[in-house]
Structure formats: structure tokens, C-alpha cells
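Here is the structure we will look at.
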Amino acid sequence: MNAWKKLIDWSNGEFNSLPWRMKRSLYHTLVSEIMLQQTTVSTVLNHFDKFIAIFPTLESLGNSSEEKVTLHWSGLGYYRRARNLLNGAKFIVDHHKGTIPLNFETLISIPGIGPYTASAIIAIGSNQKSLALDANLERVLSRVFNLKLPWGQKLKEELHKRFDQKKFPPIFYNRPREIHESLMDLGRNFCLAKKVYCEKCPLSTICLAHKKNDFQINKGGKKESVVGLQLVRFLITNKKNNEVLAYVKKKGQWLEGQIEVPTFILKSDNKNLTQYPYLKSDEKLKKLLKDAGLFTSHITKYKIKNFVVSCDFEDFNQLAEIQKKDFHFYALKYSANHFSTATLKSFKFLV
Ligand code: SF4
């Protein structure tokens, strides 16, 4: 049997039970593709059905509020995607009578839908010819065809050029949905960035990387270096009402629209960072930091050391003379408020 068909058979046998594949629709493809960007399948599996139960149709999503959508996006991270999805749904309701268009140019004119999502809706959602290159497809195809172009724009352009010139195997044009999904499955399971399981791979008979025993991906230019950042997060609770002092992240800030406990920069390798106010270290703060909880997190290139300080309102007032007007008490109930992931992690240190 042709290796590409073997790949599709393997994928159909192993992964057809994914909920967005079982309940096919353009809307489900739109939601799942946006959820799957930067999030693993196992995480999306925990959220997709619940999200669809709350927003069963594109209209129900488009007519909803940002607050409600981001609340039900909780656990998926990268909330900008939730806002993009909502903006796209609103636009489709207002300008396309609630029907997702299937023309690439029209799709990319919709807010929140970029070239990848547009191609995925066409190829996966409607099983029509298009090439949707996510990181898995890019990696697998560069290995199978032994393309040594730098990862990113150049490699994508070359793959699109070959696809448009009909230089891809016919199955890419005859069975777009299955070939995309099976390549994504392969990239996730056997053809990983740092490890390959060629002995299990249905494409091993035709893969040039396997033949040459050369799996190296050309990552192009220099890797962006990691920047160190130390933050202090204050837990000030109003225990009687089970509330915590916090604020809503403003437009343009990291984690826009989410709720965070008062957070300040202690130390940053990037002195121009303005995402949080700086807090001067004095004896009082040093004393509080001695008992602080600690966890690490990442945002973009920043590796963050988070110190979590529990203190009372008075101590906080003496320390943090900045932006007090923005802080309010919010119910600690997870389901009632849309706290950022780092803030939820901070709650582990509540005393
Ligand atoms: S044979 Fe190996 S390198 Fe080639 S696609 Fe399969 S897992 Fe990747």
C-alpha cells in the first residue's frame, strides 16, 4: 500500500475519536484549530466539549460577551486566542449571516482568522484543496522531502510553492482533510522535534530524512535568548468575604482582560520592561520576601521567578504606594472570576 494511505489508515484508526473529528462542522473546526494553536491535544480534549456545550453554535458564541468567553476559555491559556475567536464569530454573524465563508481571501479578512486558520477551515473543515502548515506539518514535510531551508517563512514559502505547482503527492489534493490530520498526528506522536520514532512511522519507506539518517531541522537564525525576570505577587485577602485584592489587566498588557493579584517587578534583565510597576526593595519588603512562596513561569521570552507574599492590607499599603486606585476585592471563587494562570498558582500559597 502507498505510504501516504498507510499514514491515513493509521491516523483514522488511532485518532478518529477526537471530539472535533467525531462532530464535524466548520464551526467545530474553527474552534478546535484555534484551541490547538499553542496548546496540546490532551489539554484541548479537557475543554473542547465543555466549551461547545456553552457555545453550541457560531451565533451563540458571536452574541456572547468577552467576559463569558474568556471565563470558559480558562485552562487553555493564551487568552488572546479566545478574544480572536469571539471577534471572528461576531464578524461572521454580522457580515456573513453566521455562515463561515470558504474563500481564502474572505476568510483572512475576518478579524482573528489568519492564513493558517483560513487554510485549515478549507482543508480540514470542508475537505477542499488547501495547505495548512502548522508546526507539525512543517516539520514532518521538511523531513520527508529533505528540505533544508531555514525553519519559518522560507520553508513555508517553498512548501506552498510546491503545493500550488501540484508537486505534492496526489493524495494532498484528493484527500486534504485526512492528509492534514494524519500528518498532524504523526508530528505529535512519532516525528517529534527532538526525537523520531521512524520504526513506527507509516512514512518511513518514502521519508528522505529517514533514508539519509538526517533528522536535523534548520532552525535558521539565532534563537531568541531567555530574559530573566523576578516578580513579587501580593496575596491580600478579605477572609470574611473570601475575596482577594486584584486588578484587571488593561488593553495591550500581558494577559489582557484577566484578573491578577497586585504584581510588581523586583528585578528584570530588560530594564525597559513596562508590563508591571517596579517595587523598590527596602527592609520591610526584604522581611516579607523571606517567607514568600515561590514558583516559576514563562511569558514570551521571559523566564519568571514569582515570589508570592501573603500580607495584610496595611503592610501592603506601606509598601506599594503605586496604582492603589486600580485594586479592588474580587471573590476568590474560581468560577466567578477570570484569574490569570499565575494568579491561580499564587493561590496555592494562601494562608
Ligand atoms: S520516517 Fe522518521 S523522520 Fe520520516 S516522517 Fe517518519 S518519523 Fe519523521
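Here, each number is a calculation from the coordinates, and none is a lab measurement. What you see is a predicted model, and the numbers here were worked out from it, not measured in a lab. No Cβ is skipped: glycine too gets one built from the backbone with ideal geometry, and neighbour counts run over all protein chains shown.
Before moving on, here are some points about what is shown:
- Cα-Cα over 22 Å, subset of K239/K267; K50/K333; K6/K161; K267/K290: K239/K267; K6/K161
- For the stretch 1-152, a simple Cβ point-charge model (Lys and Arg +1, Asp and Glu -1, everything else neutral) yields a dipole of about 300 debye relative to the Cα centre.
- R0 of 41 Å, Cβ-Cβ distance E66-N2: FRET efficiency to nearest 0.05: 0.30
- Rg(Cα) / (2.2 N^0.38 Å) computed for the stretch 227-349, rounded to two decimals: 0.99
- Whole-Hz ³J(HN,Hα) from phi, Karplus 6.51 cos²θ - 1.76 cosθ + 1.60, for the stretch 77-84, glycine and proline x: x, 6, 5, 4, 5, 5, 5, 4
- Kirkwood Rh and Cα Rg combined as Rg over Rh, evaluated for the chain: 1.03
- Normalised by the number of residues in the stretch 156-254, the mean separation of alpha-carbon contacts (under 8 Å, six or more apart) gives a relative contact order of 8 percent.
- All other residues whose Cβ lies under 14 angstrom from that of K345 are scored, Lys and Arg at +1 and Asp and Glu at -1, for a net of +2.
- Karplus (6.51, -1.76, 1.60) ³J(HN,Hα), θ = phi - 60°, over the stretch 137-147, in Hz, Gly and Pro reported as x: 5, 4, 5, 5, 5, 5, 6, 4, 8, 6, 8
- Cα-Cα pairs of the stretch 88-233 separated by more than 25 Å (percent): 39
- Using the rule -39500 (n - 2.57) for each DSSP H run of four or more residues, divided by the residues of the chain, the 222 nm mean residue ellipticity is -11500 deg cm²/dmol.
- Length-normalised contact order for the chain - Cα pairs under 8 Å, 6+ apart - percent: 15
- Sequence ranges 135-147, 272-284, ranked by mean other-Cβ count within 10 angstrom, highest first: 135-147, 272-284
- Centre-to-centre, using Cα atoms only, the stretch 142-197 and the stretch 3-62 are separated by 20 Å.
- Here the dipole of the stretch 227-349 is about 320 debye; that uses its Cα centre as origin and unit charges on the Cβ of Lys and Arg (positive) and Asp and Glu (negative).
- Charge context of L133, other residues only, Cβ under 11 angstrom, K/R +1, D/E -1: -2
- For the stretch 227-349, relative contact order (Cα pairs under 8 Å, six or more residues apart, normalised by length) works out to 36 percent.
- Pairs beyond 31 Å (Cα-Cα), from K250/K305; K90/K251; K5/K90: K5/K90
- Most positive-pole-ward Cα, H96, V69, A82, against dipole of the stretch 44-162 from beta carbon charges: A82
- For the chain, the dipole from Cβ point charges (+1 on Lys and Arg, -1 on Asp and Glu) about the Cα centre works out to 920 debye, to the nearest 20.
- Average projection, convex hull of the Cα set of the stretch 160-212: 4.3 square nanometres.
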